[in-house]
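For reference, the structure discussed in these notes is given below.
The values are calculated or read from the model by the stated rules, or taken from the named source; none is laboratory data. Because the structure is predicted, anything quoted here is derived from the model rather than measured. Glycine gets a Cβ as well: all are built from the backbone with ideal geometry, and neighbour counts include every protein chain shown.
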Amino acid sequence: MADADRDELAALVRGWTAHFEWGRESGAIALRRRGGASLPTAGEAPRVAAPVETPRVPAAVEAPSPAPVAHVVAPQPPRAPPIVEVAKPSPAPTPPAQAETRPLFEEPRRTFAPVVYAEERARLLTVVEDQARECRSCRLCEGRNQSVFARGSTNAELFFVGEAPGADEDRIGKPFVGAAGKLLDRILAAMKMSEDDVYIANVIKCRPPNNRPPEPDEAAACGPFLERQIELLRPKVIVAWGRTPTSFLLKKTESMTRLRGRWHEYMGIPVLVTWHPAYLLRNPDAKKDTWADMKLVLEKLGRPAPTGRA
């Protein structure tokens, strides 16, 4: 061993000896370390524990934490009881907003099927007409000679909707061919239009007994045919002749006096309500009101309105 190494070792031993002497004199020798030996007494050489081989720990297993060293803990004053926070009462739930009231008889809005071309439209209307001819959904089929579907152009921009066929219509198979139909033809002539410019149909396809007004269940059973006609034709303007088509299309209960002469809407299509031609035959003074309504129709279609009376 080199002299320098011996000097360094001697200095190390002297330092340990001085440390142990200090511990014996200060009384620290009475303390024991957890898991270790007492400090050496005076005059006793320091005992160096044999080195303990640390067990090799596999890489995947974490080595245990060393045992904690005991400490002398001074007595603590009693703790105040913990403060418990009292939960605040939840606010009362906000009542849900009241649903918007809907007009009586109003139905959910549907959407039209895609527009079809003229030839396909005519073919599909023929299919619907065949279905109406075979329909037996209500009692009116029992007294009919035939169903009455429509007349006019399947490419028309103006759709006239009436109530139900009468005796002449039930015999011929076309709507508005009796006395009321002749008055309608005169109105069209005054508008500079003809059957080739319009499409004419009724809500009900079979004649009610004695030409009575249709019952609600009859309109509900037959109405889908009219809805399909409108959907396929997709006109620019609809004219509702009288109470029955007005109630069916608009689902409104106001009087004809309040609804007439005003624009309404069915599935995005403008609807004008006016007197039925049969009513005009019984009340000629109302013709001026209907003629004023037809001028509004022409204006909506972008056609010139004739001057004078029909």
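Across region 237-244, a minimum of one residue is classified as farther than 21 Å from Thr154 by Cα and among the basic types (Lys, Arg). Which residues, counting only those in region 276-286, are under 45 Å from the mean Cα position of the chain (by Cα) and under 15 Å from Lys182 (Cα atoms)? If the condition is that a residue be under 45 Å from the mean Cα position of the chain (by Cα) and under 15 Å from Lys182 (Cα atoms), then His276, Pro277, Ala278, Tyr279, Leu280 are the ones that fit.
Scanning region 209-222 for residues that are buried (at least 17 other Cβ atoms within 10 Å of the Cβ) and under 30 Å from the mean Cα position of the chain (by Cα) yields Ala219, Ala221, Cys222. If I filter region 158-169 for residues that are farther than 21 Å from Glu227 by Cβ, crowded, with 20+ Cβ neighbours inside 10 Å and under 44 Å from the mean Cα position of the chain (by Cα), do I get at least one hit? Scanning region 158-169 turns up at least one residue that is farther than 21 Å from Glu227 by Cβ, crowded, with 20+ Cβ neighbours inside 10 Å and under 44 Å from the mean Cα position of the chain (by Cα). Within region 170-186, residues that are buried (at least 20 other Cβ atoms within 10 Å of the Cβ) and in a loop (DSSP other than H, G, I, E, B) reach partners that are at pLDDT 95 or above and polar (S, T, N, Q) with beta carbons closer than 6 Å, at six or more positions or on different chains, in the pairs Pro175/Asn202. Restricting Val128, Val116 to those that are surrounded by 12 or more Cβ atoms within 10 Å (Cβ to Cβ), under 22 Å from Ile269 (Cβ atoms) and modelled with pLDDT of 95 or more reduces the list to Val128. Within region 191-202, if we keep just the residues that are surrounded by 15 or more Cβ atoms within 10 Å (Cβ to Cβ) and out of contact with any strand residue (DSSP E or B) (no Cβ under 7 Å at 6 or more places or on another chain), the residue that is nearest to Val128 (Cα to Cα) turns out to be Met193.
Considering region 206-310, the qualifying helices (runs of 4 or more DSSP H), each wholly inside and each with 3 or more residues that are among the aliphatic types (A, V, I, L, M) and either in contact (Cβ under 8 Å) with a residue 60 or more places away in the chain or farther than 28 Å from Arg136 by Cα (or both), run over 216-233, 277-282, 287-301.
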